[in-house]
């Protein structure tokens, strides 16, 4: 074999090695990482991701759930790999595929992956999920509103353009996150990832509208997407935040005693101060259960001022396709 042939063989072997290394790396990347890389390229690690999940929908098909919840878990993009690596190790060690707080905590869970679990194992799993949330997350938000109160207090004229219970909860969580971003002097907008909603569903359409309005308000393109909770550990962290928000809301609105596991989680999160003691409204775990009086005060100011409603109407006028979809949902 000539020296030239040997050099070519070595080059091919080297390229194959690089290819196999690249394929191995790609297999390790999460769906979230793929999304961030496709959007931001080499700058993806600079991003902070707000992972959203909604504990229950706003369709009204589940009357036993009278409360609308939005829960958010915020994580810097550069920490995603480490979280998912530990998460995979954690789920394999405990023999389940994905974490769903309500199903895991249920006394008689219908989810087969939790069948036969005793209280000790459930508490161990919840403890580890909390540890991972605190280790990698930088903030957790929850927002709860009683559906019937919202429908009674907020006029239909506002609900048509401002959205229903769930939309209202999501909008307020997004606003709180934006306030947090500005206070932390984070220059770039956050990437929002929502728990999966079917394409064309009312909830998905309303989220798309919220994020479109939010982008225009900031004057920047706010990226958002929908992913399946079962495949995304960060959304499973957000699921815990949403479930705890729901438990707190049930206690607040109905005086229902807290689920013992939820009580343990809430005590842990409410006493977690990663940067030292701060006022209640600046804690790592910030959850609001909006009371009727608070809602009345808020909508009274909104209707008197009129700016928000006019801004929503103007946005739909300038986006006729979105307005047509809105009319189809509301009529």
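The values are calculated or read from the model by the stated rules, or taken from the named source; none is laboratory data. Bear in mind that the values here come from a model prediction, so they are computed numbers and not experimental data. As a convention, Cβ positions derive from the backbone with ideal geometry for all residues, glycine included, and neighbour counts pool all protein chains shown.
When residue 321 is evaluated against the numbered criteria (1) at pLDDT 95 or above; (2) over 30 Å from residue 138 (Cα atoms); (3) touching a helix residue (DSSP H, G or I) at 6+ places or on another chain (Cβ under 7 Å), which criterion, by number, is the only one it fails?
(3)
Among the residues of segment 102-140, how many are over 24 Å from the mean Cα position of the chain (by Cα) and surrounded by 16 or more Cβ atoms within 10 Å (Cβ to Cβ)?
1
Yes or no: segment 206-217 includes at least one residue that is modelled with pLDDT of 90 or more and within 14 Å of the chain's Cα centre (by Cα).
Taking every residue of segment 206-217 in turn, at least one turns out to be modelled with pLDDT of 90 or more and within 14 Å of the chain's Cα centre (by Cα).
Is it the case that residue 149 is more than 13 Å from the chain's Cα centre (by Cα), surrounded by 18 or more Cβ atoms within 10 Å (Cβ to Cβ), assigned to a helix (DSSP H, G or I) and modelled with pLDDT under 90?
On the way: more than 13 Å from the chain's Cα centre (by Cα): yes; surrounded by 18 or more Cβ atoms within 10 Å (Cβ to Cβ): yes; assigned to a helix (DSSP H, G or I): yes; modelled with pLDDT under 90: no.
Against the criterion (more than 13 Å from the chain's Cα centre (by Cα), surrounded by 18 or more Cβ atoms within 10 Å (Cβ to Cβ), assigned to a helix (DSSP H, G or I) and modelled with pLDDT under 90), residue 149 does not qualify.
Could you identify the single residue in 143, 168 that is touching a helix residue (DSSP H, G or I) at 6+ places or on another chain (Cβ under 9 Å), part of a helix (DSSP H, G or I), touching a residue at least 60 places away in the same chain (Cβ under 8 Å) and crowded, with 22+ Cβ neighbours inside 10 Å?
Working: 143 fails: part of a helix (DSSP H, G or I).
On inspection, the qualifying residue turns out to be 168.
Of all residues in segment 154-165, which are part of a helix (DSSP H, G or I) and modelled with pLDDT of 90 or more?
Going through segment 154-165, the residues part of a helix (DSSP H, G or I) turn out to be 156-162, 165.
156, 157, 158, 159, 160, 161, 162 - these are the residues of segment 154-165 that are part of a helix (DSSP H, G or I) and modelled with pLDDT of 90 or more.
Please determine whether any residue of segment 221-228 is more than 24 Å from residue 209 (Cα to Cα) and in contact (Cβ under 8 Å) with a residue 40 or more places away in the chain. Break it down stepwise before answering.
Kept after step one, since they are more than 24 Å from residue 209 (Cα to Cα), are these residues of segment 221-228: none.
There is no residue in segment 221-228 that is more than 24 Å from residue 209 (Cα to Cα) and in contact (Cβ under 8 Å) with a residue 40 or more places away in the chain.
Filter segment 69-81 for residues that are in a helix (DSSP H, G or I) and closer than 11 Å to residue 234 by Cα; which is farthest from the chain's Cα centre (by Cα)?
By that ranking, first place goes to 81.
Pick out the one residue from 266, 241, 222 that is within 20 Å of residue 175 (Cβ to Cβ) and in contact with a helix residue (DSSP H, G or I) (Cβ under 7 Å, 6 or more places away or on another chain).
Numbers: 266 fails: within 20 Å of residue 175 (Cβ to Cβ); 241 fails: in contact with a helix residue (DSSP H, G or I) (Cβ under 7 Å, 6 or more places away or on another chain).
Being within 20 Å of residue 175 (Cβ to Cβ) and in contact with a helix residue (DSSP H, G or I) (Cβ under 7 Å, 6 or more places away or on another chain) holds for just one of 266, 241, 222, which is 222.
What's the total number of residues in segment 179-221 that are out of contact with any strand residue (DSSP E or B) (no Cβ under 7 Å at 6 or more places or on another chain) and assigned to a loop (DSSP other than H, G, I, E, B)?
The qualifying residues number 12.
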